[in-house]
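The values are calculated or read from the model by the stated rules, or taken from the named source; none is laboratory data. Everything numeric in this text was worked out from a predicted model, so none of it was measured. Glycine also receives a Cβ, built like all others from the backbone with ideal geometry; neighbour counts cover every protein chain displayed. To get the accessible areas, we keep the full protein, side chains included, count just its heavy atoms, and leave off ligands, DNA and RNA. Shrake-Rupley method; radii C 1.70, N 1.55, O 1.52, S 1.80 Å.
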Amino acid sequence: LNSSKLKTSMRDYAGARQDLMQLVAQYPDAAIAEQACLELADVTMKAGLNVEAQRLYRKVYNLGFSLESQTAAALGAGRCCYEEKEYENAIKWLSDYIELAKDNKDDGLYKAYFLLGKAISAMGKPQQASAAFECALAGQHQPEDYVQIVSALVQAYIEQGSYIEALGVLQNIDSWRLWQRQNVEILVLKSKVLREMGLIDRAVAALAGRA
């Protein structure tokens, strides 16, 4: 197990997988089997083998070692499904994760809401996607992540024709929390909403002022 962790830190995912596969095969009843199974799924995903990783996450989830392992497995399976563009399955797994982790209120929960919103958006359901993105905004985020969520939420509102709601999101942003680059991205988003509303002069004035 320690050998696999060292190899993972060196991004030797193939070597880490070999160690973990041996551990799981030779010591299935060991106390660390639960951790090993979950880490095997994690390192398989990091190796880019999303289909195999999804199978392993599903196995961990169904074995039901503990609530913690089931929660982590649901999130991992959701990520793999999203990467493989299996959006319906991604929505199912991410919804399961949110239900299991809803009392934790940690970073993983809000990232899951964001990924859920992206999966729903890919299915062409902007109204449901915007609800997920709004939940994602409730967390504490780094500036880049925050702007990504805001951008996705604004785009979902634009697709619904809800321009006032989109402008409301942008106007409630504390610009002092963001770097210059992120503030410019927010301004460009605002100009996009104004253009969609037909307010071309206001969009030009906002951009010209920043320039």
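Cα extents for region 1-45 along the principal axes, largest to smallest and rounded to whole angstrom: 28, 17, 13. In order along region 74-80, the Karplus-derived 3J(HN,Hα) couplings, from 6.51 cos²θ - 1.76 cosθ + 1.60 at θ = phi - 60°, round to 4, 5, x, 4, x, 5, 4 Hz, and Gly and Pro are given as x.
Among the protein heavy atoms, those of L199 account for about 60 Å² of accessible surface (1.4 Å probe, every chain in place).
Ordered from largest to smallest accessible area (heavy atoms of protein chains, 1.4 Å probe), the residues F114, F133, F65 come out as F65, F114, F133. Of the listed residues S175, S130, the order by accessible area with a 1.4 Å probe, largest first, is S175, S130. When the Cα positions of L178, G124, A41 are compared along the charge dipole of the chain, L178 comes out farthest toward the positive end, with charges on each C-beta of Lys, Arg, Asp and Glu.
A simple charge model with +1 on the Cβ of Lys and Arg, -1 on the Cβ of Asp and Glu and nothing else charged puts the dipole of region 25-90 at about 80 debye relative to its Cα centre. Near K192: Cβ cut-off under 13 Å, other residues only, Lys/Arg at +1 and Asp/Glu at -1. The net charge is 0.
The C-alpha atoms of the chain define a longest principal axis, and helix 200-210 lies at about 70 degrees to it. Of the peptides 155-161, 6-12, the order by per-residue mean of other Cβ atoms within 10 Å, starting with the highest, comes out as 155-161, 6-12. Please compute the Cα-Cα pair-distance distribution of the chain with 10 Å bins starting at 0, giving whole percents from short to long. Percent of Cα pairs in each bin: 9, 28, 28, 19, 12, 5, 1. Placing +1 on the Cβ of every Lys and Arg and -1 on the Cβ of every Asp and Glu, with nothing else charged, gives region 1-60 a dipole about its Cα centre of roughly 200 debye.
Charge dipole (Cα centre; +1 on Lys/Arg Cβ, -1 on Asp/Glu Cβ; no other charges) of region 12-164 amounts to roughly 360 debye.
The modelled label-to-label distance for the pair D29/K59, using points 7 Å beyond Cα in the direction of Cβ, is 1.9 nm. FRET efficiency for the pair Q160 and L199, taken as 1/(1 + (r/R0)^6) with r the Cβ-Cβ distance and R0 = 22 Å, rounds to 0.75. Measuring r between the beta carbons of S9 and N172 and using R0 = 41 Å, the FRET efficiency lands at 0.50. On the beta carbon distance between L207 and W179, with R0 = 22 Å, the FRET formula returns roughly 0.75. Both radii are taken from the alpha-carbon atoms of region 95-155; with Rh as the Kirkwood radius, Rg/Rh is 0.95. Note on region 72-190: dipole from Cβ charges, positive end direction compared against G168, C81, N104; the farthest Cα belongs to G168. Each of the peptides 22-31, 188-197 was scored by the mean count of other Cβ atoms within 10 Å over its residues; in descending order, highest first, they stand as 188-197, 22-31.
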